[in-house]
């Protein structure tokens with residue numbers, strides 16, 4: 001891996017309408033937080049510190065990328081949006097999951113379906129998420145492995 005970070009947008013777009021804007025946001029975050037050693041994977045966590053089951057807020061989001069030697073590019077593995085589920089004893093669970101590696105998607109109360117079924121939801125989700133990141137509403141943690 002070099003200090004040049006290229007995200008394979010073409011591969012992601014073959015499954016969902018991921019925008020260049022999102023990959024640029026991710027790329028900038030990674031370039032500002034390069035790993036101390038060579039890394040083949042990275043997980044980015046976006047958290048609203050005030051988010052709770054009672055008060056609401058912006059859902060936590062996790063994005064996973066892995067480096068592909070064959071293409072010398074970073075592949076988006078999954079994007080997961082978490083939310084509190086349950087009325088009396090709420091727990092933080094997957095609310096929406098776009099699993100690029102497996103080609104499947106998940107939405108609470110809908111279940112698992114091929115990723116192509118989630119393109120409309122993905123467009124809406126990504127537009128909102130990008131605006132939250134640009135508005136600096138999240139604490140961001142980057143974990144290289």
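Below are the figures for this structure:
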| read-out | value |
| --- | --- |
| Residue count for the stretch 115-145, restricted to those that are at pLDDT 95 or above, outside any helix (DSSP H, G or I) and in contact with a strand residue (DSSP E or B) (Cβ under 6 Å, 6 or more places away or on another chain) | 7 |
| Flag for residue 72 being exposed (fewer than 13 other Cβ atoms within 10 Å of the Cβ) and either touching a helix residue (DSSP H, G or I) at 6+ places or on another chain (Cβ under 9 Å) or over 23 Å from residue 127 (Cα atoms) (or both) | yes |
| Any hit, the stretch 92-114, residues being surrounded by 11 or more Cβ atoms within 10 Å (Cβ to Cβ), more than 20 Å from residue 64 (Cβ to Cβ), touching a strand residue (DSSP E or B) at 6+ places or on another chain (Cβ under 9 Å) and touching a residue at least 24 places away in the same chain (Cβ under 8 Å) | no |
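The values are calculated or read from the model by the stated rules, or taken from the named source; none is laboratory data. Not measured: the values here are computed from a predicted model. When we count neighbours, we look across all protein chains shown, and the Cβ atoms used for this are built from the backbone with ideal geometry, even at glycine.
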